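Notes follow once the structure below has been shown.
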Amino acid sequence: MSTLDHTQASELFSAYWDEELSSEQTAVLEEHLGSCLSCRQEYQEFEQMLGAAATLPQELAPPNFVAGAVKRVHRRSRGRFFRVRRLGERIPYELFSLLMLGLILAVYLMLQLNQPGRLNLP
Amino acid sequence: MTALRERRLLRRLQRHDENAFQEFVRLYQHQVFNLVLRMLGNRAEAEDVAQDVFVTVFKSIESFRGESKISTWLYRIAMNQCQNRIKYLSRRPTVRSDVLVESSTAPQAAGPEAQLRGRQLEGLVQEAIAELDEEHRMLIVLRDIEELAYQEICSITGLPEGTVKSRLHRARLALREHVKKRGG
């Protein structure tokens, strides 16, 4: 590949931009770009366009995105997808409910004991 | 993310740990949303599809064997979901593109005229990307916006490297034509 025409030169633009050409190909293309105004202008446009694509600002996910995704997994799996977390990893509601039941029972028994006429305990 | 941290997170995900899921979504939400938005061009659609991507990750986490990076696997799922949504949307009335180039993260060293020109070109490029066919758009997004390595793009698309390179070249030429048509 000693000299290039316009079509051959433009076929190398992508690989040149990606720095994937061999040193020999790079030298031939650069020589062509140095002497051919239309190819040079074309490559400049190509370069500017890809430069603009690379600097497009990153679009951020909306603030409620994580909560929305978690909710969606719960809804789709009807709450069965996530494993039940062990005690210590979550609030132990079942322990609280047992304690509350015990407390209610204890209060009830104490009230009954304070009224001996209504409850005949051995 | 380090390889060790990625393996630990993966193990927790495979145990269906809700905290790990939240951590995972938090870690990748912006990358996935940005990718999907560039593919679909509409924020509401992008949010919906991006959330579905994470649901799919969770439904199929057991099948992930760690042969590729977790981000590559995630991108593959995202691209499949985008292709499905594009097909679905093509059978429905046009969904308006609402991706705006509001502010650039590009260095502000250039003069105001150059900045304005840069921003105009970014806008033109964004509009032109939306006009590309699905495969060209996917390759431009993966290589020229997300700046992924060719090897990673091959894993995501399932195409051989030579094919990716030649199709990407065609995609870039098509993009240039669309930009030119719009006055860039």
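Any read-out appearing in this document is the output of simple, stated calculations on the displayed coordinates, not a laboratory observation. Everything numeric in this text was worked out from a predicted model, so none of it was measured. Because the Cβ atoms are built from the backbone with ideal geometry, glycine has one as well, and the counts that use them run over all protein chains shown.
What the table shows:
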{"item": "In order through region A:20-34: 3J(HN,Hα) via Karplus (6.51 cos²θ - 1.76 cosθ + 1.60), integer Hz, x for Gly, Pro", "result": "10, 7, 6, 5, 5, 4, 4, 5, 5, 5, 5, 5, 5, 5, x"}
{"item": "Estimated distance in nm for a label pair at B:Arg167 and B:Ala3, the labels positioned 7 Å out from Cα along Cα-to-Cβ", "result": "2.9"}
{"item": "Compactness index (Cα Rg / 2.2 N^0.38 Å), region B:109-184", "result": "1.23"}
{"item": "A:His6-A:Ala54 pseudo-label distance in nm [points 7 Å out on the Cα-to-Cβ vector]", "result": "2.7"}
{"item": "Cα-projected label distance for B:Arg76 with A:Lys71, points at 7 Å along beta-carbon direction, nm", "result": "3.2"}
{"item": "Cβ-based net charge around B:His30, under 13 Å, with every Lys or Arg adding one and every Asp or Glu removing one", "result": "-1"}
{"item": "Assigned charges on the beta-carbon of Lys, Arg, Asp, Glu; region B:1-77 dipole about Cα centre (debye)", "result": "400"}
{"item": "Proxy reagent accessibility, fewest Cβ within 10 Å first, across B:Val125, A:Val73, B:Val55", "result": "B:Val55, A:Val73, B:Val125"}
{"item": "Cβ-based net charge around A:Gly51, under 11 Å, with every Lys or Arg adding one and every Asp or Glu removing one", "result": "-4"}
{"item": "Whole-Å distance, taken between Cα centres, linking region B:1-70 and region B:119-184", "result": "24"}
{"item": "Value of Rg to Rh for chain B (Rh from inverse mean 1/r over Cα pairs, i.e. Kirkwood)", "result": "1.00"}
{"item": "Rounded if a/c under 1.5, otherwise prolate or oblate - region B:1-96, Cα gyration tensor axes", "result": "prolate"}
{"item": "Length added when fully stretched, A:Gln112-A:Leu98, from 0.36 nm per residue minus Cα-Cα", "result": "2.9 nm"}
{"item": "From the C-alpha gyration tensor of region A:6-54, square roots of 5λ in Å", "result": "17, 14, 8"}
